[in-house]
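Peer 1: First, the structure itself, so that you have it in front of you.
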Amino acid sequence: MNKLGNRDLLIAGIVVLSLAAIRIFSPFENFSPIGALALMGGMLIGRKALAFIIPFAALLIGDLIFSLNSSMYADYLFSSIFIAVYLAFAVII
């Protein structure tokens, strides 16, 4: 198994932060490229670990930031629906 280099981790970090920012600041409701990356991640991202980590990290960071701004979203973050969403992303990947 190949180890991740510093360059790979930097690129993955930039992608995660970019996806989270797009999710948070998108002018379109329920528009997010995270689902597309989850679908195509295995093909586009050469390393399987990154193909799983990047969509989940971007989704989690976006959810955490949303929960800081909205008490309703914070309630969602700790509900069973939250787990179902993440399980659905795991199935997609």
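Peer 1: Ordered by residue, what ³J(HN,Hα) values in Hz, to whole numbers, does the range 55-63 give under the Karplus form 6.51 cos²θ - 1.76 cosθ + 1.60, where θ = phi - 60° and Gly and Pro are x?
Peer 2: These are the phi-based 3J(HN,Hα) values: x, 5, 5, 5, 5, 5, 4, x, 5 Hz.
Peer 1: Same structure, new question: Please report, as a whole percent, how much of the solvent-accessible surface of the chain comes from carbon and sulfur atoms (probe radius 1.4 Å).
Peer 2: Numbers: 4580 of 6440 Å².
Looking at the chain in its full context, I get 71 percent from C and S.
Peer 1: When ligands, DNA and RNA are left out and all protein chains stay put, how many square angstrom of accessible area per residue does the range 44-93 have with a 1.4 Å probe?
Peer 2: Working: 3140 Å² over 50 residues.
For the range 44-93, the solvent-accessible area averages 63 Å² per residue.
Peer 1: Can you list residues whose amide H is under 5 Å from Arg47's amide H, if they're 5+ apart or on another chain and H is modeled 1.01 Å from N?
Peer 2: none
Peer 1: Using the Cβ atoms and a cut-off under 15 Å, what net charge is assigned to the surroundings of Met40, where Lys and Arg are +1 and Asp and Glu are -1? Show your work: numbers first, answer last.
Peer 2: Numbers: positive: Arg47, Lys48; negative: none.
So the surrounding residues net to +2.
Peer 1: Here's something else I'd like to know. Per-residue HN-Hα couplings for the range 46-51, Karplus 6.51 cos²θ - 1.76 cosθ + 1.60 at θ = phi - 60°, whole Hz, x for Gly and Pro?
Peer 2: Karplus-based 3J(HN,Hα) across the range 46-51 equals x, 9, 4, 4, 5, 4 Hz.
Peer 1: For Kirkwood radius over Cα pairs in Å, pick the label among [x] 16.3; [y] 13.4; [z] 13.9 that corresponds to the value derived from the coordinates.
Peer 2: The value matching this structure is [z].
Peer 1: Okay, next question. Starting from the alpha-carbon convex hull of the range 39-93, give the projected area averaged over all orientations, in nm². The partial results should precede the final answer.
Peer 2: Values: hull surface 14.9 nm².
Averaged projected area of the range 39-93's Cα convex hull equals 3.7 nm².
Peer 1: Can you show me the helix-derived [θ] at 222 nm for the chain, built from DSSP H runs with n ≥ 4 at -39,500 (n - 2.57) apiece and divided by the number of residues, rounded to the nearest 500.
Peer 2: Numbers: 5 runs with 73 residues, N = 93.
Rounded to the nearest 500, it is -25500 deg cm²/dmol.
The values are calculated or read from the model by the stated rules, or taken from the named source; none is laboratory data. Bear in mind the structure is a predicted one, so any value in this text is a computation, not a measurement. Cβ sites come from the backbone with ideal geometry, for glycine too, and all protein chains shown count toward neighbours. Just the protein is used for accessible areas: all its heavy atoms, side chains included, with ligands, DNA and RNA removed. Shrake-Rupley method; radii C 1.70, N 1.55, O 1.52, S 1.80 Å.
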